[in-house]
Amino acid sequence: MSRGFCLAIHGGAGTIPAAALNTAAAETYHVALRTALKAGWTVLNRGGAAVDAVCAAIVELENDELFNAARGAVFTSAGQLEMDAAIMNGADRAAGALAGICGPKNPIVAARAVMQKSGTVFMIGAGAEAFLQTQDIQFMPPDYFTTPRRLDALHRELTRRVAGMPDTRSDADRHG
Amino acid sequence: TVGAVARDAAGNLAAGTSTGGITAKRPGRVGDTPVIGAGTFADNATCAVSTTGTGEVFIRFTAAAEIAARIRYAGQTLEQAASDVIAELSTHGGDGGLIAIGVTGAPVLPFNSSGMYRGFSGVDGVLHTAIHR
């Protein structure tokens, strides 16, 4: 069995029903997925580490507002952005995780800083953000992460709740 | 939610996951993504896993670590363990999917929802992507 390098990525499960995803829209997702795969593959092909390839691939997906992470993240019921991320290195079981943060352009890079620099494994909220401010991490204003599509999904859901209507959201809206 | 798993030329495994959560979620609610062993896990001896879906169920059933445990203690293949866990999670309301890579062989990308944005690539450099089944 092959022991060569390889990687896999995902952009979320549930997705838009096949009938609602026209060819052009589907192609934008394929292009975005290939961009992320290429970024990770390039690291591996030059002999780079698996943890570097994982970071490179996820950064591409975080930067693309098609996906529910970083730019294009969904909103809480209070209209806030709370992002979570984690990374783990199988070589030594080193791990870094973050929850309930907003600010780092790439939460996966922030999770890696927790893994490598914080002396802990899991950090949340304001304390995590304060630690990350001391690291070489790029921060962005909330507007950067805000997209009309996610705001629309939030408003639809809040309207539905006020009206007491049943939750008939698609997986796409529920999980973004 | 987005994720990646990789095995490098030296055989090291790694996993990562990143998410905005669920639309209109209760402030402070955290899903499986940052919970090591639930949404994200890597161990060179068994596998690297990144999951996406109903976080509460993936946490309660420690989905990622469960796959590693079945490989380690039950001698299952990555594919068997990953597809069994995803199938069992759906019986507990756990909709979603995962990507996983083992010590050898190709990645596996099982899901029990209507689809999953996914892709994989290897030494040949061919970029395989898919959305629905």
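Since every read-out is calculated from the coordinates, none of them should be taken as a lab result. In this text, all values refer to a predicted model and were calculated from it rather than measured experimentally. No Cβ is skipped: glycine too gets one built from the backbone with ideal geometry, and neighbour counts run over all protein chains shown.
Dividing the alpha-carbon radius of gyration of region A:45-176 by 2.2 N^0.38 Å (N being the number of residues), what value is obtained?
On the way: Rg = 16.4 Å, N = 132, 2.2 N^0.38 = 14.1 Å.
Cα-based Rg divided by the globular estimate yields 1.16.
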Practice task
Jot down the per residue volume, in cubic angstrom and as a whole number, of the convex hull over the alpha-carbon atoms of region A:9-108.
Solution key: 115 Å³
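Tell me the Kirkwood hydrodynamic radius of chain B in angstroms, computed as one over the mean inverse distance between distinct C-alpha pairs. Can you show the working numbers first?
Details: mean 1/r = 0.0680 Å⁻¹.
After inverting the mean inverse Cα-Cα distance, the result is 14.7 Å.
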Problem - Estimated distance in nm for a label pair at A:Thr28 and A:Gln135, the labels positioned 7 Å out from Cα along Cα-to-Cβ - result: 3.2 nm
Practice task
Starting from one equal scatterer on each C-alpha and no solvent at all, send me the Debye-based log10 I(q)/I(0) for the protein assembly as shown at q = 0.06, 0.09, 0.14 Å⁻¹, two decimals.
Solution key: -0.16, -0.38, -0.95
Completion exercise
Across A:30-38, the residue-averaged tally of Cβ atoms belonging to other chains within 10 Å stands at 5
Practice task
Averaged over every viewing direction, what's the projected area of the C-alpha convex hull for region B:80-133? Give it in nm², one decimal, please.
Solution key: 4.0 nm²
Fill in the blank from the handout: Simple SL model, points at 7 angstrom along Cα→Cβ for B:Asp124 and A:Asp152; separation in nm is 3.9 nm
